[in-house]
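The structure appears below as structure tokens.
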Number of protein chains: 2
Amino acid sequence: MYYIVVYDIAEKRVNKVLKFMRKYLNWVQNSVFEGELSDGQFEEMKVKLRKIINLNEDSVLIYSMEKKWVDREVIGVERSEVSRII
Amino acid sequence: MYYIVVYDIAEKRVNKVLKFMRKYLNWVQNSVFEGELSDGQFEEMKVKLRKIINLNEDSVLIYSMEKKWVDREVIGVERSEVSRII
């Protein structure tokens with residue numbers, strides 16, 4: 001399944017979440033990750049993510065799609081660093 | 001076509017972009033909008049958006065999908081205000 005993850009995280013936790021998310025998905029833009037994951041990887045990511053964020057302050061929005069988007073475009077500054085996969 | 005828009009806008013322009021985007025799509029989370037648009041509406045939105053943002057500072061990421069996502073879930077705080085459509 002293909003996933004787009006958009007998070008809204010308190011400043012003090014952003015770096016930790018950024019580092020964590022890079023192990024699973026590609027960084028696209030500030031607070032946006034995307035990529036393909038197996039069901040097992042997806043479940044694992046969510047379990048671990050719950051432990052990293054503050055469930056009462058932070059918000060992680062996850063879109064699941066059967067297939068990748070048709071098109072992705074940027075208006076303004078391109079901030080893609082898809083190559084930065086650990 | 002179904003669209004997900006994620007923007008990263010300088011503080012001084014965020015409210016203006018927020019107000020503008022609500023005329024086209026549904027607010028989902030801080031800096032995230034989504035919804036169905038015709039090709040004409042989509043092109044119009046992009047032309048007007050280019051005039052509102054600063055192309056050298058701001059970044060608007062637009063995903064186009066043939067059909068809506070399969071699932072959308074939130075970990076942490078649910079910030080959806082889909083009802084706030086003007």
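Given the C-alpha centroids of the range A:28-56 and the range B:47-76, what is the distance between them in whole angstrom? Cα centroid to Cα centroid, the span is 19 Å. Peptide A:30-39 shows a mean partner chain C-beta count of 2 within 10 Å per residue C-beta. Per the rotation superposing chains A and B, the chain A residue found at the smallest beta carbon distance from the axis is A:VAL6, 3, distance in Å.
3J(HN,Hα) along the range A:37-52: 9, 6, 4, x, 5, 4, 5, 4, 4, 5, 4, 5, 4, 4, 7, 8 Hz, from the Karplus curve 6.51 cos²θ - 1.76 cosθ + 1.60 with θ = phi - 60°, whole Hz, x for Gly and Pro.
Relative to the other identical copies, A:GLU11 shows label-point distances of 0.9 nm, where the label point lies 7 Å from Cα along the Cβ direction and values run shortest first. For A:LYS23, the lysines whose Cα falls under 30 Å of its own Cα, not counting residues fewer than eight places away in the same chain, are A:LYS12, A:LYS46, A:LYS48, A:LYS51, A:LYS67, A:LYS68, B:LYS67, B:LYS68. Overall shape of the protein assembly as shown was characterised from the C-alpha gyration tensor. The equivalent ellipsoid obtained from it has semi-axes of 25, 18, 16 Å, in decreasing order. The Stokes-Einstein estimate for the range B:2-65, based on a Kirkwood radius over Cα pairs and taken at 20 °C with 1.002 mPa s viscosity, is a diffusion coefficient of 183 µm²/s. Between this copy and the others, label points of B:ASP39 are 3.8 nm apart in ascending order, each placed 7 angstrom from Cα in the Cβ direction. Ellipticity at 222 nm from helices only: DSSP H runs of n ≥ 4 in the protein assembly as shown, each -39500 (n - 2.57), divided by the residue count, give -9000 deg cm²/dmol. For chain A, leaving out every one of the trypsin sites (Lys or Arg not before Pro) that falls in a DSSP loop and has at most 16 other Cβ atoms within 10 Å, the longest unbroken run is A:24-66. Label point of B:VAL70 (7 Å along Cα→beta-carbon): distances to the other copies' equivalent points are 1.9 nm, sorted ascending.
Give the residue from B:PHE42, B:ALA10, B:MET65 lying farthest towards the positive end of the charge dipole for the range B:2-65; charges sit on Cβ (+1 for Lys and Arg, -1 for Asp and Glu) and the dipole is referred to the Cα centre. Of B:PHE42, B:ALA10, B:MET65, it is B:ALA10.
All of the numbers you see were taken from the coordinates with simple rules; none came from a lab. The structure displayed is predicted, hence computed values, not measured ones. When we count neighbours, we look across all protein chains shown, and the Cβ atoms used for this are built from the backbone with ideal geometry, even at glycine.
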